[in-house]
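S.K.: Can you read through this structure? Questions will come right after.
The values are calculated or read from the model by the stated rules, or taken from the named source; none is laboratory data. Quick caveat: nothing in here was measured; it's all calculated off a predicted structure. No Cβ is skipped: glycine too gets one built from the backbone with ideal geometry, and neighbour counts run over all protein chains shown.
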Amino acid sequence: MKPKTRTALTTITTMGLLALCAHAPAQAQKMSPGLWENTVTMKSQDGQMEAAMAKMQAELAKMPPEQRQKMAEMMGNSGIALAPGGGSTVRVCVSKESAEKMEPPEEMNGKCKRESFERSGNSIKFKMSCTNPPSTGTGEFTYSTDKAYKGKMLLESQAKGQAMRMEMTQQGKWISADCGALKSVGK
C-alpha cells in the first residue's frame, strides 16, 4: 500500500474513531461497549480520495494471504478491523471505560486533537484538527439508541498548495459485547 494512500486512510479512520468515541446519546443513555461496525461513505471535491480508496481496496485484494494477515494484525493492534465484505466498513472495539466517559479523547494517535465538543440530547457536535496531513474537521452525530448512530463530517486540508474538501457520512451499529481478538481503542 502506498504511503499516501495509507496516510489518507489513517486520517479518515482517526477522524471516524474520534467521532465514534464521541459517544453522547441522550443524557441517561450510554454507548454500549464492545464491537461496533462503522460504514463510511466519502465524497471528495476532486474524486481523488474515492479513487485512492478503490485502489487501496484493489491492492489489498491482490496481496498474498500472509501479507493481508500482517495488515490485519497491524490494524487490529490499533483496534480496527476491516468488516466482512470490506469496502468502507471497519470494525472497532470500544472499551467499557471509553463508553462510560461519554466524550471524545483530547488527542488521538498524536496526529489529531479535539478543539471543541458539545452535546445536546442525543446529538453531539465537535471540531478537531490534525497535523499529518494538516487539516481541520467538524462533525455532527445523532444516536438513535445506545447501539446505533448516524452522522456526518467535513474535513478540509491543503495538498500541493490546493484546498481540499471531503464530506463523509457515517453510520455505526453495535455488533457484540465481545470484541474477540480485536483490541479496544479506548482506555
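S.K.: From Glu107, Glu103, grab the single residue that is surrounded by 14 or more Cβ atoms within 10 Å (Cβ to Cβ), modelled with pLDDT under 90, on the phi < 0 side of the Ramachandran plot and acidic (Asp, Glu).
M.R.: Residue meeting the stated conditions: Glu103.
S.K.: Considering region 163-184 alone, what residues qualify as being of a type in the set (A, V, I, L, M, F, W, C) and either assigned to a strand (DSSP E or B) or closer than 19 Å to Met42 by Cβ (or both)?
M.R.: Scanning region 163-184 gives Ala163, Met164, Met166, Met168, Trp174, Ile175.
S.K.: Something else: Within 15 Å of the chain's Cα centre (by Cα), within 22 Å of Gly137 (Cα to Cα) and either at pLDDT 80 or above or of a type in the set (S, T, N, Q) (or both): which single residue out of Ser78, Ser116, Ser123 fits that description?
M.R.: Residue meeting the stated conditions: Ser78.
S.K.: Among residues belonging to region 46-65 that are in contact (Cβ under 8 Å) with a residue 40 or more places away in the chain and among the hydrophobic types (A, V, I, L, M, F, W, C), point out the one that is nearest to Ala163 (Cα to Cα).
M.R.: Here the answer is Met49.
S.K.: A further question follows. Looking only at region 142-171, count every residue that is in contact with a strand residue (DSSP E or B) (Cβ under 9 Å, 6 or more places away or on another chain), farther than 20 Å from Arg119 by Cα and of a type in the set (S, T, N, Q) and tell me the total.
M.R.: Of the residues in that region, 2 qualify.
S.K.: Do you know which of the residues in region 81-100 that are modelled with pLDDT of 70 or more and of a type in the set (Gly, Ala, Ser) is surrounded by the most Cβ atoms within 10 Å (Cβ to Cβ)?
M.R.: Only one residue fits best here, namely Ser98.
S.K.: Sticking with this structure for a sec: Considering only region 157-185, state which residues are surrounded by 15 or more Cβ atoms within 10 Å (Cβ to Cβ) and farther than 14 Å from Arg91 by Cα.
M.R.: Ser157, Met164, Met166, Met168
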